[in-house]
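Everything on this sheet refers to the single structure shown next.
The values are calculated or read from the model by the stated rules, or taken from the named source; none is laboratory data. The shown structure was predicted, so the numbers you read here are calculated from the model rather than taken from an experiment. Cβ atoms come from the backbone with ideal geometry, glycine included; neighbour counts cover every protein chain shown. Keep in mind that these areas ignore ligands, DNA and RNA; they rest on the heavy atoms of the full protein, side chains included. Shrake-Rupley method; radii C 1.70, N 1.55, O 1.52, S 1.80 Å.
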Amino acid sequence: MNQPAPAPEVVAPLALRPATIAARAGISTDTSYGAVAPPLHLSATFQFEALGRPRRYDYTRSGNPTRDLFGQAVADLEGGASGCVTASGMAAITATIFAVLPPQGRVVVPADCYGGSWRLFEALRSSGRIASLVYADLSDASQVRAAIADGVDLVWLETPSNPLLRISDIAAISDAAHAGGAVVVADNTFASPVLQRPLAWGADVVVHSATKYLNGHSDVVAGVVVAADAERGAEIAWWANTLGLTGSPFDAYQALRGLHTLHLRVAAAQRNAAATADLLAAHPAVQAVHYPGLIDHPQHDLAVTQMDGPGAIVSFRLADSAAVAAFVDGLRCFCLAESLGGVESLVCHPATMTHAAMSPQARALAGITDGLVRLSLGIEDTADLLADVAAGLDRATQAA
Ligand SMILES: *Cc1c(COP(=O)(O)O)cnc(C)c1O
């Protein structure tokens, strides 16, 4: 006689690790044909089952299955409740501000924030929608405390910051902001959830320009907002739908495809960035290197605590704009272009490109001088990139 089979042991399903979440985002979700790669639903509208009986989706501005796959994947990577996919990073920022900022709101913003965010905050102030806008170096705890002590509704974080790679203490700032009743939003574009998850350190909302690492191939402009809390997430999605800021299904499909290789891309780009930072730090034409992975970066220890790696953006100072021109002219492996986070390496002159929208005074306050250069390292062969940078630095030396 056969023994009765032992009762199966009940095992809680293991939470998947982030690289698995990214690689499997949207995989095998098709219920019609069992497609492994997720289908692209371009339809603007969805048929009702009957009068008064809508299905899960009714109209693509309000909701779309392909877009939701991408949004949920980013939410899972960030450890948030829900992800709202928007037409750009700026659309993500706009939806967030409408959802969290009260009328006559008081806002604290990093002095060296993304140029487009700076322009939006300035426009909201000059049109009276923001009552008080304080710029501070959020990597400096005393400036943060002073800015928050005056009463604030929203603290905007960008860490690492753009283009100087300053690191702000997300946990300390979130504690101080929450004690005063403020909401904390972190722009996590530079780090990506591979290297930093701000919600785990106390931020309430994360915004992304998915144009950068999440898509990673410089062929989509998109954004994502992830809220820690489902209710706030629903409010942000409501505003994105109401203002018409939601992203296109095709862009979400492309970005979902890019997300599958996020961990590999970030790791390869970060290796190239670390090697480039070392080369820059040792070259006499370079006056300063800004990279959180360098031991002498002012917030290196905080970066080690808060991040899983220093990232793939490096900025550095040459003598002046003539030296920058000599460096840039003749690069073979870097395109002179705005943006970052793609598989290809880019070089940018913040004073005349990404941060040209800032007033000269704001640039000076942020430390964006004419000799500052920003590199976004891609996934090319390290030796090729180093040779290219070394040749550029030699040209810069001769130009001086
Ligand atoms: C690019 C960028 C944005 C804006 O995103 P878009 O997709 O260009 O609208 C916002 N924040 C940071 C840090 C960025 O790099």
The computed P(r) of the stretch 262-399 puts the percent of Cα pairs beyond 28 Å at 13 percent
The stretch 12-109: translational diffusion in µm²/s, Stokes-Einstein, Kirkwood Rh over Cα pairs, 25 °C, 0.890 mPa s
151 µm²/s
Tell me, what does the Kirkwood hydrodynamic radius of the chain come to in angstroms if you use every pair of distinct C-alpha atoms?
22.1 Å
Are there any helices in the chain, counted as whole DSSP H runs, that stretch 18 Å or more along their axis by Cα and score at least 0.0 on average by Kyte-Doolittle, and if so which?
262-281, 382-399
Mean ellipticity per residue at 222 nm, deg cm²/dmol - from DSSP H runs of n ≥ 4 across the chain, formula -39500 (n - 2.57)
-11500 deg cm²/dmol
Rounded to the nearest 10 Å², the accessible area of His263 at probe 1.4 Å
50 Å²
Surface accessible to a 1.4 Å probe, Met358 within the full protein complex, Å²:
10 Å²
So what does Phe98 come to for accessible area, using a 1.4 Å probe and Å² rounded to 10?
90 Å²
Tell me which trypsin sites (Lys or Arg not before Pro) from the stretch 293-385 have a DSSP coil assignment and no more than 12 other beta carbons within 10 Å of their own.
Arg332
Run the Debye formula on the Cα coordinates of the stretch 138-259, all scatterers equal and no solvent, and tell me log10 I(q)/I(0) at q = 0.11 1/Å.
-0.41
Report the FRET efficiency, 1/(1 + (r/R0)^6), for Thr305 and Arg17, where r is their Cβ-Cβ distance and R0 is 22 Å, rounded to 0.05.
0.60
I want to verify a result. In a Gaussian network model of the chain, Cα cutoff 10 Å, which of these has the top mean-square fluctuation: Ala282, Ala228, Ala366?
Ala282
Carbon-plus-sulfur fraction of the accessible area of the chain, 1.4 Å probe, in percent?
56 percent
I need the trypsin sites (Lys or Arg not before Pro) found in the stretch 17-90, filtered to DSSP loop residues with at most 11 other beta carbons within 10 Å of theirs.
Arg55, Arg56
Burial order of peptide ranges 111-118, 283-290 (average beta-carbon count within 10 Å, highest first)
111-118, 283-290
Treat each spin label as a single point 7 Å out from the Cα along the C-beta direction, and report the Leu264 to Arg129 distance in nm.
4.1 nm
Max mean-square fluctuation residue, GNM over the chain, Cα-Cα springs under 10 Å, options Ala268, Ala252, Ala383:
Ala383
Range in the chain, longest, excluding exposed GluC sites (Glu not before Pro) [loop by DSSP; at most 12 other beta-carbon atoms within 10 Å]
50-400
Could you check the simple spin-label distance between Gln398 and Arg53, using points 7 Å along Cα→Cβ, in nm with one decimal?
7.7 nm
For the stretch 253-323, with equal point scatterers placed on the C-alpha atoms only and solvent neglected, what are the log10 I(q)/I(0) values from the Debye formula at q = 0.14, 0.28 1/Å, to two decimals?
-0.53, -1.21
